[in-house]
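S.K.: I have a structure I would like to understand better, so I am pasting it below and will then ask my questions one at a time.
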């Protein structure tokens, strides 16, 4: 049974004018839009409003076939535990909307009331990613497929196109690795970089196998409220920071600094040169010995088809440790 009282207070979540405008067949037959949605529209995957995706919601939260997905959301919307669509994933973790949950206010409605502007595109992820500083513009501009895309701001390009294609925003964030190690991203269909910014780093999830956010934060005394990965991204070309305890940046620069170009940070140099030459990243790791015991020789069939970083002994070692736990 559908709770008519709950649906009568749907507010923005069932927008009659919007529903009619996008479903002219409903207007032609003269049926009440809400009645049409409940009887036919939701089963056909029609949206009741711009920000509620019934098919996505039903699949993600396993709503029983005999339960109206919109009614389910309306019943639980003030808890913040059920998103109306993947696009609003950022609302519950962020202030001031997360404070709404404690007092029983719908945080998603609050967010949209404050952020939506008529005739302007609302991109919820944009300020989150802009503020984090995790997109390397020089690296990312290599990725666009055509001239028009290359002219876009890199952050905007990543939000509109890049993350859907699985492109890396920088060498320090691997969306395939991060999604593989955080199954909720696939289940929700959300931007993996936004998940890392809002939840992942705080839970010590690694953006790539070789960056240890917990160790880095402690080692370099990263201020509260600042991402360790952002700190590393800003300081890595200064040759003073390391992404993990097995890479001794001072030791490495003392031995190989003369061959590192000014625009390249020491660990990026190690990722490329270390893969081909079995360079040790520190006195604590024997790259040649690890390759001999655990990896195929560089000249083995198929090795040349792998990304260079995948042929690096230290990265292979770190990945092995992480996948074993």
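Nothing in this text is a laboratory measurement; each read-out follows from the coordinates by a stated rule. What you are looking at is a predicted structure, and each value in this text was computed from that prediction instead of being measured. Glycine gets a Cβ as well: all are built from the backbone with ideal geometry, and neighbour counts include every protein chain shown.
S.K.: Assuming R0 = 22 Å, can you tell me the calculated FRET efficiency for the pair residue 43 and residue 75, based on Cβ-Cβ distance, to the nearest 0.05?
M.R.: 0.70
S.K.: Seen from all sides and averaged, what is the projected area of the convex hull of the Cα atoms in the range 149-259, in nm²?
M.R.: Its average projected convex-hull area is 8.3 nm².
S.K.: Starting from the 7 Å offset along Cα-to-Cβ, what nm value, one decimal, do you get for the label separation of residue 255 and residue 17?
M.R.: Distance between the two pseudo-spin positions: 6.9 nm.
S.K.: Can I ask one more? Fully extended, how many nm does the chain gain between residue 220 and residue 187 (0.36 nm per residue separation, minus their Cα-Cα distance)?
M.R.: The span from residue 220 to residue 187 would gain 8.4 nm if fully extended.
S.K.: I've got another one for you. For residue 152 and residue 110 in one chain, what is 0.36 nm times their gap in residues minus the Cα-Cα distance, to one decimal in nm?
M.R.: Once the chain is fully extended between residue 152 and residue 110, it gains 12.1 nm.
S.K.: Read through the labelled values (1) 87, 39, 32; (2) 77, 44, 42; (3) 53, 43, 38 and report the label of the one computed as Cα extents along the principal axes in Å from the structure.
M.R.: Correct label, based on the coordinates given: (2).
S.K.: Shifting gears a bit: Would you compute, from DSSP H runs of 4+ residues alone, the mean residue ellipticity of the chain at 222 nm, taking -39500 (n - 2.57) per run and dividing by the full residue count, rounded to the nearest 500?
M.R.: Calculated mean residue ellipticity at 222 nm is -11000 deg cm²/dmol.
S.K.: Starting from the Cα gyration tensor of the range 1-132, multiply each eigenvalue by 5, take the square root, and state the resulting semi-axes largest first in whole Å.
M.R.: One finds semi-axes of 26, 18, 13 Å for the range 1-132.
S.K.: Normalised by the empirical 2.2 N^0.38 Å for globular proteins, what value does the Cα Rg of the range 125-208 take?
M.R.: Working it through for the range 125-208, the quotient is 1.03.
S.K.: Which order, highest average first, do 59-67, 264-272 follow once you tally other Cβ atoms within 10 Å for each residue and take the mean per peptide?
M.R.: 264-272, 59-67
S.K.: Above 17 angstrom, tally the Cα pairs of the range 217-324 and express them as a % of all pairs, no decimals.
M.R.: Within the range 217-324, distances greater than 17 Å cover 56 percent of Cα pairs.
S.K.: Once you have the Cα-Cα distance between residue 32 and residue 293, take 0.36 nm times their residue separation minus that, and quote the gain in nm to one decimal.
M.R.: 86.9 nm
S.K.: While we're on this one: Using packing as a proxy for protection, rank 302-313, 161-172, 189-200 so that the peptide with the highest average count of other Cβ atoms within 10 Å comes first.
M.R.: In descending order of packing, they fall as 189-200, 161-172, 302-313.
S.K.: Post the alpha-carbon centroid distance, the range 56-94 to the range 250-269, in whole angstrom.
M.R.: 49
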